[in-house]
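The values are calculated or read from the model by the stated rules, or taken from the named source; none is laboratory data. Computed from a prediction, not measured in an experiment: that's the story for all the values here. Neighbour counts run over all protein chains shown; Cβ positions are idealised from the backbone, glycine included. The protein model used for the area step is the full one, side chains on, heavy atoms only, and it has no ligands, DNA or RNA in it. Shrake-Rupley method; radii C 1.70, N 1.55, O 1.52, S 1.80 Å.
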Amino acid sequence: MRWVPAALLVVLAATACGGGADPAAVAGTPTPTIDIAGSRDSFVPPPVVRSPGTGVLFDWVTFDDAKGYTSTALPEGATPFENALPGQDGTTTSRGHVFEHAAGVIGYELIDAYADGDDFAKLAALLASSVEGSVVSIEPAEVTQALAADGEIVHGDDEVMLFRIVVVNEAGDVWAGFVGGPEDDRERLESEFARLTLSLDVRSAVDWVYLTDEPSGIVAPFRSEVEPRSWYLADAGGAATSARVYNDWNTSSGVIVVDAAPGGFGPEDALALRAEELGGTVESSEPSDIAGHAGVEAVIDDQGWQWVHRVVALDDHVLVVYAGNLAERVGYARNLVAMVSEAVTIP
């Protein structure tokens, strides 16, 4: 049975259980790997090329959803679709991309403000009914800062659908991914599922956690709870000054508060020390602001990664907001820095 996007009319479609194939078993295939969002040394395993007589081999590319602040990798050539879904207050419209091929289907769907963590079983059952199938498993899945469930549906003539449903935030935004194909091609399906789900980046869509830097009173939003790291440095006059670094490893971003008046320690000093700490170089600088306070935005290049920084000098502190990503995805770092900079409260 071929997947038809309209079959998602009554569901949060998603994809699947069982995890990925052994990386050693797939490492020799020529399909290009892609970096996992936020990881500097990990890769999504390529799909296994195993379908008898068909040789499934795709180039995977990233599909961004600007409205929902998410991104997902799919085989190149995936096409966009929209569905009208029944909701509590009438109908709502979902959006997504789907890639159909001779041996199955791979895709994802996004639905704004649609579900919560109690809806997984119901939504899986709706998905199964949309393909006249049965849910054979559903269990919690680990997705950083979000609620998720993986599952499996059987339908048609020995067809299987692997799915994942992710409730991204308290607003009820949902990402749902799916992989379908013949049961006897399970090894390939599980590898494609691993690649699809590992590529999902919802870091800019999850709920904010607001933390206060008590010495300065500055309040900044983060994507998860973080503990400050003390940082001691020398100001322009050689005197020691202190700082606190709030680094969120989940999003490769953070905030630094330096206890220094601008006369002794300024934005240029902060950028120079950050470049030294990262082992990189300051590549560019332009005027910018944090919460209406004028400063600069600069990019520090670090061996293929680019770290975007906004720095402002306050009366008794220097404030730094930063985020990093791969050079080709530096736009995500810029967006995150902009969001944090707008949401910071400076007393």
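Observations on the structure shown:
- Coupling constants for region 280-287 follow from the phi torsions by the Karplus curve (6.51 cos²θ - 1.76 cosθ + 1.60, θ = phi - 60°), and in residue order they are x, 10, 6, 8, 7, 8, 8, x Hz; glycine and proline get x.
- In this structure, Asp112 and Tyr232 have a Cβ-Cβ separation that, at R0 = 41 Å, corresponds to a calculated FRET efficiency of about 0.35.
- Contour minus Cα-Cα distance for Ala239 and Arg95 (0.36 nm per residue): 46.2 nm
- Within the accessible area of region 295-347, the carbon and sulfur atoms contribute 45%, probe 1.4 Å, all protein chains present.
- For a paramagnetic label modelled on Glu328 (point 7 Å from Cα along Cα→Cβ), amide N atoms under 18 Å away belong, within region 292-311, to 302-307.
- Solvent-accessible area, 1.4 Å probe, carbon plus sulfur percent, for region 60-202: 47
- Taken one residue at a time, the phi angles of region 251-260 give Karplus couplings (6.51, -1.76, 1.60, θ = phi - 60°) of 10, 6, 9, x, 9, 10, 10, 9, 7, 7 Hz. Gly and Pro are set to x.
- Residue-normalised accessible area of region 60-202, expressed per residue, 1.4 Å probe, Å²: 41
- Dipole in debye (nearest 20) - region 60-202, about Cα centre, beta carbon charges: Lys, Arg +1; Asp, Glu -1: 280
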